[in-house]
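J.: Questions regarding the structure given below will be posed in turn.
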Amino acid sequence: MKRPIAVFLIVLVASLLVSGCATTHMATKGDKFPLMYKEKPLVIFVLPPINSTTAVDAKEYYSTAIPQPLAFAGFYVIPMQITDELLKSQGIYDTETIVNQPLNRFYEYFGADAVLFTRIIKWDKSYTVIASSLTVTIDAQLKSTKSNLILWKYSGTIVANLSGQSNSGNPLANLIANVIITGINTATADYVPYAQLATVQLLQSVPFGKYHNRSGQDSQDKIIVQK
Amino acid sequence: MKYLLPALLGLLLFAGCATPPVSYYYGNYSQALYRSKKYNTPASLEKYRHSLEEIIRTSEKKGLRVPPGIYCEYAYLLAKDGSPEADRYSSLEVKTYPESERFVSFIRAQIKNSSSS
């Protein structure tokens, strides 16, 4: 059992050392995303990611990696396994077609307070004997089903890394660590854990939802904003 | 590499005093889900179903709230098999997460429609 734990620790540390290469500045969650505190979305409908890369498996990897970190951030996530099938049965195969539509139906039918759109812009994986990493560039938007406004968004590059060679500290270390501890517990060459790690980092700026014990109390939390 | 050790130590300090903000047990859910989507074979679907059962069993044993959507996904699988147990699990979803009521009703109606047609 020793080795998986060691690997886990390294993943953890590596993950906390990302964003070294991007220009960043600090802001607070409350300043950056005031509408999250005003609307307090709880129920989230996650649309299938839009894949703008040539990696055919990116979409599936990424879509299975979204719900869990979102739940850990305190939200009720409508099960994607079911919603994906629903969308297909309605002839919606491509999230692109919904992007600019009014979203009130997502509330009417499903009770969703907000809809999460994600676009995968870059998906580079490297897997070698000494190091493996996944570099993902994601564009994400959480849009209100009531006001159609963007409540939260993220755009940036995330490196989920096993090599431990990244070189910048991350003050949100404890926060992320807490969230992913339960998230990653399988030692495998699959990219699901990496994709999940990427989502955890993606979500580090999101104001917590109702089921998080600091929900409503995190508006002064500092977040890193990538330029 | 020179940052690794301090970072590790820092992390251990954090880990020592922090309690997880939300506690959910997911077992090998994402792995099983991914494989069921990718391979879509009876064996991979069976593993996905087992992962749901295991989450429910373990969460209940540990006194944790079953994660959002898990009861509902399980109910959906049961309903597809025509199992009478489906309603019990979708009710558990609503009981655990009252905000899921609208979605669960929608799914129930869908299932009724498809089985009566």
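Bear in mind these aren't lab numbers, they're just calculated from the coordinates by the rules spelled out. Being a predicted model, the structure only gives us computed values, none of them experimental. Every residue, glycine among them, receives a Cβ derived from its backbone with ideal geometry; neighbour counts consider all protein chains shown.
J.: Using modelled amide H (1.01 Å from N, peptide plane; none on Pro or chain starts), what sits under 5 Å from the amide H of A:G216, excluding residues fewer than 5 places away?
T.: Distant-sequence amide H within range of A:G216: A:F208.
J.: Apply the Karplus curve 6.51 cos²θ - 1.76 cosθ + 1.60, θ = phi - 60°, to the phi angles in the stretch A:110-124 and return the couplings in whole Hz, x for Gly and Pro.
T.: For the stretch A:110-124, the Karplus curve yields 10, x, 7, 7, 8, 10, 9, 9, 10, 10, 8, 9, 9, 8, 10 Hz.
J.: Right, here's the next one. Suppose R0 equals 56 Å. What FRET efficiency, 1/(1 + (r/R0)^6) with r the Cβ-Cβ distance, do A:K210 and A:T54 give to the nearest 0.05?
T.: Calculated value: 0.90.
J.: Also: Using 5 Å bins from zero, what percent of all Cα-Cα pairs in the stretch A:17-148 falls into each bin?
T.: 2, 9, 16, 21, 19, 15, 10, 5, 2, 1, 0
J.: Hey, which lysines would be in cross-link range of A:K59, C-alpha to C-alpha under 23 Å, not counting anything within fewer than 8 residues on its own chain?
T.: Result set, ordered by chain and number: A:K88, A:K122, A:K125, A:K143, A:K153, B:K37, B:K38, B:K47.
J.: Between A:S155 and A:K122, what is the spin-label point distance in nm, taking each point 7 Å from the Cα along the Cα→C-beta axis?
T.: With each label placed 7 Å out from Cα toward Cβ, I get 1.4 nm.
J.: Can you pull the semi-axes for the stretch B:35-114, root of five times each eigenvalue of the Cα gyration tensor, sorted largest first, whole Å?
T.: The three semi-axes for the stretch B:35-114 are 20, 18, 10 Å.
J.: Let me ask something else about it. How many percent of DSSP beta bridges within the stretch A:24-147 run antiparallel, rounded to 5?
T.: The antiparallel fraction comes to roughly 65 percent.
J.: Between A:T97 and B:E46, take the C-beta separation as r, use R0 = 30 Å, and let me know the FRET efficiency to the nearest 0.05.
T.: 0.35
J.: Please provide three numbers in whole Å: the alpha-carbon extents of the stretch A:21-70 along the principal axes, with the largest listed first.
T.: 37, 34, 18
J.: Need one number: nm distance between label points at A:Q90 and B:S83, each 7 Å from Cα along Cα→Cβ, rounded to one decimal.
T.: Calculated label separation equals 2.8 nm.
J.: If you don't mind, another one. Under a Cβ-only charge scheme (Lys and Arg +1, Asp and Glu -1), can you give me the dipole magnitude of the stretch A:67-141 about the Cα centre, in debye to the nearest 20?
T.: Taking the Cα centre of the stretch A:67-141 as origin, the dipole is about 180 debye.
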